[in-house]
């Protein structure tokens with residue numbers, strides 16, 4: 001059996017889990033998430049434990065078993081703690097601002113780039129206008145939103161300017177070194 005799929009999910013006391021057919025609803029202090037799971041997987045709630053089981057040892061069922069368990073565990077964690085992804089804006093004149101709930105990026109284009117948050121997503125900017133925090137209860141949505149923001153101006157390979165994840169290391173290319181000494185033609 002799958003080690004991940006076999007592990008039960010601890011449900012905190014403030015979280016309510018409802019399973020109806022192949023739809024799982026998780027409600028907690030930060031909000032509510034609903035997900036349809038594969039109808040082959042059976043999800044059950046016993047006391048404060050949520051378990052996922054599979055009908056057979058077929059390769060597809062083994063893969064779905066661990067996936068379903070991980071998605072449900074992420075839902076439980078999201079409605080209790082929430083998720084966040086931090087981005088950094090680096091470059092001369094590059095900055096991020098907040099306009100109401102929208103995020104405004106000034107990253108070297110002729111115009112500012114305005115990003116409206118999807119439902120359930122919040123943007124926060126640090127005091128220096130170079131750090132962006134994307135937060136929400138849905139792990140997939142937080143990660144996708146952060147990836148879309150990074151895609152607007154990915155880090156440059158030569159100077160490192162652009163939007164990167166916090167702590168991301170960029171391997172810079174050396175750039176032009178000029179003509180090699182003694183290798184050029186002489187007149």
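The values are calculated or read from the model by the stated rules, or taken from the named source; none is laboratory data. Note that the structure is predicted; figures quoted are calculated from it, not measured. For neighbour counting, all protein chains shown are included, and Cβ atoms are generated from backbone atoms with ideal geometry for every residue, glycine included.
In the set 72, 50, only one residue is part of a strand (DSSP E or B) and either over 15 Å from the mean Cα position of the chain (by Cα) or outside the structural domain of residue 131 (by TED's automatic domain parsing) (or both); that residue is 50. Count of the range 53-66 residues, restricted to those that are in a helix (DSSP H, G or I) and touching a residue at least 40 places away in the same chain (Cβ under 8 Å), is 3.
For (1) at pLDDT below 95; (2) farther than 22 Å from residue 108 by Cβ; (3) touching a strand residue (DSSP E or B) at 6+ places or on another chain (Cβ under 7 Å), each residue gets a yes or a no:
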residue: 134; (1), (2), (3): no, no, yes
residue: 138; (1), (2), (3): no, yes, yes
residue: 163; (1), (2), (3): no, no, yes
residue: 167; (1), (2), (3): yes, yes, no
residue: 172; (1), (2), (3): yes, no, no
residue: 175; (1), (2), (3): yes, no, no
residue: 179; (1), (2), (3): yes, yes, no
residue: 182; (1), (2), (3): yes, yes, no
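Is it the case that the range 72-83 has a residue that's in contact with a strand residue (DSSP E or B) (Cβ under 6 Å, 6 or more places away or on another chain) and farther than 30 Å from residue 39 by Cβ? No; the residues of the range 72-83 include none that is in contact with a strand residue (DSSP E or B) (Cβ under 6 Å, 6 or more places away or on another chain) and farther than 30 Å from residue 39 by Cβ. Inspect all residues belonging to the range 88-101 and state whether any of them is more than 30 Å from residue 16 (Cα to Cα), under 17 Å from the mean Cα position of the chain (by Cα) and not in a strand (DSSP E or B). Checked against the condition, which is being more than 30 Å from residue 16 (Cα to Cα), under 17 Å from the mean Cα position of the chain (by Cα) and not in a strand (DSSP E or B), the range 88-101 yields no hits at all. Report whether or not residue 24 is touching a helix residue (DSSP H, G or I) at 6+ places or on another chain (Cβ under 7 Å), free of Cβ contacts under 8 Å to residues at least 60 places away in the same chain and under 26 Å from residue 122 (Cβ atoms). It is true that residue 24 is touching a helix residue (DSSP H, G or I) at 6+ places or on another chain (Cβ under 7 Å), free of Cβ contacts under 8 Å to residues at least 60 places away in the same chain and under 26 Å from residue 122 (Cβ atoms).
Residues in the range 43-71 that are closer than 22 Å to residue 138 by Cα, surrounded by 14 or more Cβ atoms within 10 Å (Cβ to Cβ) and in contact with a strand residue (DSSP E or B) (Cβ under 7 Å, 6 or more places away or on another chain): 43, 45, 50, 51, 52, 65, 68, 69, 71.
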